[in-house]
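The values are calculated or read from the model by the stated rules, or taken from the named source; none is laboratory data. Because the structure is a prediction, the values reported are computed rather than measured. Because the Cβ atoms are built from the backbone with ideal geometry, glycine has one as well, and the counts that use them run over all protein chains shown. Heavy atoms of the whole protein, side chains included, go into the accessibility calculation; ligands, DNA and RNA do not. Shrake-Rupley method; radii C 1.70, N 1.55, O 1.52, S 1.80 Å.
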Amino acid sequence: QVQLVESGGGLVQAGGSLRLSCAASGLTFSTYLMGWFRQAPGKEREFVGAINWSGGSTSYADSVKGRFTIARDNAENTVYLQMNSLKPEDTAVYYCAAAAWGGLYLRQNEYDYWGQGTQVTVSS
């Protein structure tokens, strides 16, 4: 079956960096759009960014543009989220998701598979 497993979350001070990984199995990873989402306590899950199948195109939410970078390694079936200049408001559970079809601003409910999430906490 399809599995998406996030890792790399943790506690970091404001201004610091973290790199999240999402390892995929059970799907032809190189053909899937991959997205990152996050959910802060008491808030709805929101889009962070996405990367197309080849890694040649990416999209980002305005709140993270210029600070976060998404990359993928199709040989390793892994997508990454590099987070720099972290702020306390970036604190959330971060999820990766996979979609067989769709563009870089695909709605959440159109993603086919989701990971279990990894907690990121940014202290002030």
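Leaving out ligands, DNA and RNA, what percent of the accessible area of segment 2-73 is carbon and sulfur, probe 1.4 Å?
Ligands and nucleic acids excluded, carbon and sulfur give 46 percent.
What does a probe at Gln13 reach in segment 84-99, counting residues whose amide N is under 18 Å from the point 7 Å along Cα→Cβ?
84-91
Once you list every other residue whose beta carbon is under 13 Å from the beta carbon of Ser30, what net charge do they have if Lys and Arg are +1 and Asp and Glu are -1?
In short, -1.
Using the reciprocal of the averaged 1/r over all distinct C-alpha pairs, how large is the Kirkwood radius of the chain in Å? Don't skip to the answer; put the middle values down first.
Numbers: mean 1/r = 0.0706 Å⁻¹.
Its Kirkwood hydrodynamic radius stands at 14.2 Å.
Which net charge results when you count Lys and Arg as +1 and Asp and Glu as -1 among the other residues whose beta-carbon is under 14 Å from that of Pro88?
Numbers: positive: Arg38, Lys43, Arg67, Lys87; negative: Glu89, Asp90.
With Lys, Arg at +1 and Asp, Glu at -1, the neighbours total +2.
Using a 10 Å cut-off on Cβ atoms, rank the peptides 70-83, 15-28 from the highest mean neighbour count down.
Put in order of decreasing packing, that is 70-83, 15-28.
So what is the accessible area of segment 3-124 per residue, in Å², with the probe set to 1.4 Å?
50
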